[in-house]
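Here is the structure we will look at.
The values are calculated or read from the model by the stated rules, or taken from the named source; none is laboratory data. Keep in mind that what you see is a predicted model, and the values were worked out from it rather than measured. Here the Cβ positions follow ideal geometry from the backbone for every residue, glycine too, while neighbour counts run over all protein chains shown.
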Amino acid sequence: MAKTLQDIQQLIKDKGIRMVDFKLTDIDGRWRHLSIPAERLTEATMELGIGFDASNYGYAPIESSDMVFIPVLDSAVIDRYAEIPTLSMIGDVRVIDLPNNRPFDQYPRNVAIRALEYMKETGLADQMIIGPEYEFYLFDEVRYNTDYFDQYSYIHTSQAAFASGADDNNNGYQLQPGAGYHNTLPTDIRNDLRSRMCLAMSEWGVDVKYHHPEVGGSGQMEIEVELGDMLKLADDTMSAKYVIKNEAVADGITATFMPKPLAQEAGSGMHVHMLLFKDGKPVFYDKDGYAQLSKEAHWFMGGLLYHARSLCAITNPSTNSYKRLVPGFEAPVTIGYAMSNRSAVIRIPAYAKTPETKRFELRNPDATCNPYLAYSAILMAGLDGVKNKIDPHEKGWGPYDFNLYTLSEEEKKKISGLPATLDEALDELEKDHDYLTAGGVFPERLLTQLVGRLRKTSSKINRLPHPMEFAMYYDL
């Protein structure tokens, strides 16, 4: 990765780069982009930035929507998906001010930077290490319509059991729902594509740990990456989604990170592993603690569990998210923690035994989230738990070393659960968000804007007739 403008200019010369593309993150977590001729990338660009209209990115209005972004030089990578030789970089957004431009506090990457600064100010740690797991589906074809007189969705994938009667390209090797986990060739028809995705992700600076077919027999996949610094992994999450989608399109198919595209298949989450370091030493390790976790780790988990319901509005910000968070598909539905228990919202991996790897994972997030905001919110919830010494065991949140899905209805009532809908999560966020605004990390106006946008999304979907409603009510 290049570190200086001179490095970038030399790379442009050596590789025959004609355009430089800048990718910026909107409030929802989508990349948007702007390109300039390569020769226009100069010292002035780095000093003055490039102007754009931020009002179209979904942020709350401020004094002026005219802003600039400054290229992040060490994010430079050749964009293999552009026909014209193109160098890609992400940008950091600034508000135009005198005498110097200032960071735009609502910009997601700046929120993440501020969250890490706040963590250091608490004295607890100087580094947050995370490791997200990317689950997604690959389909041959997707069609849908949302006209007021015609609503439907159609999915086809030759790997699924429902394709066994297809006339074209049918080799007879289909998978039943829920039978996809680690299946091999010839049923694993996307093995080479996943390998190409991983190689391309490496070009973008994303360190891949492994890839494999996931549980969903209708084309669910997983690519897991190595643990790394929170800000880099937020950047990498944007890069990974970009690469996976574009590699799928190049292969003539389509990739989706929708949490629940198929009702009877496993949903796609984005489990987040996490651990803290201070002065190079692990904060979460204690050889005598439960699961060898320190009291700080337990308090951190306590913060996550205490704020879990409001946290969902940021880590699971789509109406589709809550179709995944249901019993029976290895997705968490109850608030608790445990060792090696995938039914708990916090799982402590038994295989992470050394002090430097001792960690836990939060299992409810999914990839419809804005990664900068989601990872920052996770950190802020954990820090609040440490600040207030929230002990998850004393609160009755575990450890749950048993299958939470098999509890009786009476036992389930004793355990608090995650929100069942996006509206419920938004209600919780409106009541419980002081932990996010602490230290000026999440601006109040950003949270207000987020809630407002998601309320409109939920209302729009709630007003739309569903095909299942025709099946259930049309003849009444």
Handout entry: Flag for E135 being closer than 26 Å to I27 by Cβ, modelled with pLDDT of 95 or more and out of contact with any strand residue (DSSP E or B) (no Cβ under 9 Å at 6 or more places or on another chain)
Key = no
Exercise for the section: Could you tell me whether segment 374-397 includes any residue that is part of a helix (DSSP H, G or I), at pLDDT 95 or above, under 22 Å from G29 (Cα atoms) and of a type in the set (S, T, Y)? Expected result: yes
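Results for (1) modelled with pLDDT under 95; (2) farther than 18 Å from A200 by Cα; (3) hydrophobic (A, V, I, L, M, F, W, C), shown as yes or no for each residue.
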site: D229; (1), (2), (3): no, yes, no
site: T256; (1), (2), (3): no, no, no
site: F284; (1), (2), (3): no, yes, yes
site: H298; (1), (2), (3): no, yes, no
site: S310; (1), (2), (3): no, yes, no
Practice task
Could you look through segment 288-328, keep only residues that are within 24 Å of A234 (Cα to Cα) and not in a helix (DSSP H, G or I), and pick out the one that is nearest to the chain's Cα centre (by Cα)?
Solution key: N316
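Matching residues to (1) at pLDDT below 95; (2) part of a loop (DSSP other than H, G, I, E, B):
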| residue | (1), (2) |
| --- | --- |
| K3 | yes, yes |
| I8 | yes, no |
| L11 | yes, no |
| V20 | no, no |
| K23 | no, no |
| G29 | no, yes |
| T45 | yes, no |
Exercise for the section: For D279, indicate whether it is charged (D, E, K, R), at pLDDT 95 or above and in the same structural domain as C369 (by TED's automatic domain parsing). Expected result: yes
Exercise for the section: Six or more apart or on different chains, Cβ under 6 Å: which pairs go from a residue in segment 311-325 that's without any contact (Cβ under 8 Å) to a residue 24 or more places away in the chain and closer than 10 Å to M258 by Cα to one that's surrounded by fewer than 24 Cβ atoms within 10 Å (Cβ to Cβ) and of a type in the set (S, T, Y)? Could you list them? Expected result: none
Fill in the blank from the handout: Scanning segment 254-276 for residues that are closer than 22 Å to S376 by Cα and either touching a strand residue (DSSP E or B) at 6+ places or on another chain (Cβ under 8 Å) or not assigned by TED's automatic domain parsing to the domain that holds N370 (or both) gives F257, M258, S268, G269, M270, H271, V272, H273, M274, L275, L276
Fill in the blank from the handout: Of the residues in segment 160-202, those that are of a type in the set (A, V, I, L, M, F, W, C), farther than 20 Å from S268 by Cα and in a loop (DSSP other than H, G, I, E, B) come to A166, L185
Exercise for the section: Select from segment 31-63 the residues that are within 30 Å of S318 (Cβ to Cβ) and out of contact with any Phe, Trp or Tyr (no Cβ under 9 Å at 6 or more places or on another chain) and list them in ascending order. Expected result: D53, S55, N56, G58, A60, P61
